[in-house]
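One structure below.
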């Protein structure tokens, strides 16, 4: 059973932190000049966004994280050629979803974050 969307009111007052650093993305080769494009995730969906609902940028702290996500998501399907890109990230307000207190306030459990999409 899918989880209900989390509304803005549930996010209000949660402790958010800045996040800065080098992150990585795997994108289709035809999008390598548009690394910040959300086209693929909007067309096909992803772990945290349903197909056609909205785009999302999926990044990892290491190339290995990106590779593992792609392998899990594709489960043996043949893909167009992919490229690894690096992205410099500077965000002001990020929720740490490894913090159990934040998950509890959002009505989530750690297993919700790793459940199959």
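The table for this structure:
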| read-out | value |
| --- | --- |
| Tilt relative to the chain, helix 63-74 - C-alpha long axis, 0 to 90 degrees, to 10 | 90 degrees |
| Zone residues, the stretch 85-115, relative to residue 48, backbone N less than 13 Å from point 7 Å out along Cα-to-Cβ | 93-99, 103, 112-115 |
| Modelled FRET efficiency - R0 35 Å, residue 30 with residue 114, Cβ distances, 0.05 increments | 0.75 |
| Residue of 16, 75, 28 that the Gaussian network model of the chain assigns the largest fluctuation, springs spanning Cα pairs under 10 Å | 75 |
| Ascending count of other beta-carbon atoms within 10 Å, so fewest first, for 67, 41 | 67, 41 |
| Global form of the stretch 57-117, assessed from the alpha-carbon gyration tensor, a/c cut-off 1.5 | oblate |
| Residue-averaged 222 nm ellipticity for the chain, from DSSP H runs of 4+ at -39500 (n - 2.57), nearest 500 | -7000 deg cm²/dmol |
| Separation in nanometres of the label points that stand 7 Å from Cα toward Cβ, at residue 11 and residue 77 | 2.7 nm |
| Cα→Cβ-extended label distance, 7 Å offset, between residue 19 and residue 104, nm | 2.3 nm |
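Rule-based calculations on the coordinates, nothing more; no lab input. Since this is a predicted model, take the numbers as computed values, not measurements. Backbone-built Cβ (ideal geometry, glycine too); neighbour counts: all protein chains shown.
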